[in-house]
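Take a look at the structure set out below.
The values are calculated or read from the model by the stated rules, or taken from the named source; none is laboratory data. Everything quoted here is computed from the prediction, not taken from an experiment. Virtual Cβ from ideal backbone geometry, glycine too; neighbours counted across all protein chains shown.
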């Protein structure tokens, strides 16, 4: 795992959302059955937002307002309606500093340190500081010694264009609640702003619309201090993404015996480092050639992929039989 998972039972989160009254302006998957830690959901036909508008393209004010309503409606789900929180969760559900510390500790212990035995050489070759998250926290403390207190809320934490489906009736179908958590609402806004890849104008507009919508929905306390504290969560999203994206970029290259395609992996790492440079106190950035060389050196040390037994049915025959079935 390279992202925090608060609850293993996504179905129980979806059940809490089904109880919202009045009914929200968005639809969520309906759980049909759960089995052995997995679940089967009913989905709604439509078009993913990423198919209609690619990252970096404008969405329009109407869509921004619909997305803001998603945040406002989930904000009213209380902890008593959700599964029990992990034992190490902050007990004061208005302590923004405690929540930020919690997600930072997770990123350090469960993402950075857990993956360092396999990827530490790669992190070092890319110039990622060993104490990157300590540098991030120090930067936050210098800028904002103490964040405003905000009531915790149910957070999606992964609301981007691939997880929003446009329905025929104009509504939204919101997918992938498996990374939902309970904490500072500004964390949800920050992950959304980064992962949606808005135009600069719409990114600014979304912040205004988010604040306006939560205040209108009676959640003004959740917007307290947003204009001073939001940057802390934006910087955290950039900081933790370095470790997650480097791991993803390396893993997608495959085993050592496979000739990898470095193009997408280099672009992924380059973007992550560029966004995180200031947040984690990097002295400089590697060039794309240096990134490729670091990935190639890491990949070359992977053990060869075990040879697989040849299938009795050739790939072409298998595809033909599938089409025939």
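Would you confirm whether or not segment 294-301 contains a residue that is in a loop (DSSP other than H, G, I, E, B), at pLDDT 50 or above and more than 25 Å from the chain's Cα centre (by Cα)? Yes, some residue in segment 294-301 is in a loop (DSSP other than H, G, I, E, B), at pLDDT 50 or above and more than 25 Å from the chain's Cα centre (by Cα). Just one of the listed residues (245, 208, 235, 229) is at pLDDT 95 or above, in a helix (DSSP H, G or I) and either touching a strand residue (DSSP E or B) at 6+ places or on another chain (Cβ under 8 Å) or surrounded by fewer than 19 Cβ atoms within 10 Å (Cβ to Cβ) (or both), and it is 208. Applying the criterion of being under 22 Å from the mean Cα position of the chain (by Cα), free of Cβ contacts under 8 Å to residues at least 40 places away in the same chain and in a helix (DSSP H, G or I) to the residues of segment 16-65, the residue that is nearest to residue 163 (Cα to Cα) is 51. Within segment 111-128, the only residue that satisfies the criterion of being in a loop (DSSP other than H, G, I, E, B) and either under 22 Å from the mean Cα position of the chain (by Cα) or under 22 Å from residue 230 (Cβ atoms) (or both) is 128. Please go through segment 85-97 and pick out each residue that is crowded, with 18+ Cβ neighbours inside 10 Å and out of contact with any helix residue (DSSP H, G or I) (no Cβ under 8 Å at 6 or more places or on another chain). Hits for segment 85-97 are 95, 97.
Taking into account only those residues within segment 302-316 that are surrounded by 10 or more Cβ atoms within 10 Å (Cβ to Cβ) and modelled with pLDDT under 75, which is farthest from residue 275 (Cα to Cα)? Explain how you work it out, then say what you get.
Filtering segment 302-316 down to residues surrounded by 10 or more Cβ atoms within 10 Å (Cβ to Cβ) leaves 302, 305, 313-314.
Going one step further and asking which of them are modelled with pLDDT under 75, we end up with 305, 313-314.
Values: 305: 34, 313: 47, 314: 45 Å.
In this case the residue turns out to be 313.
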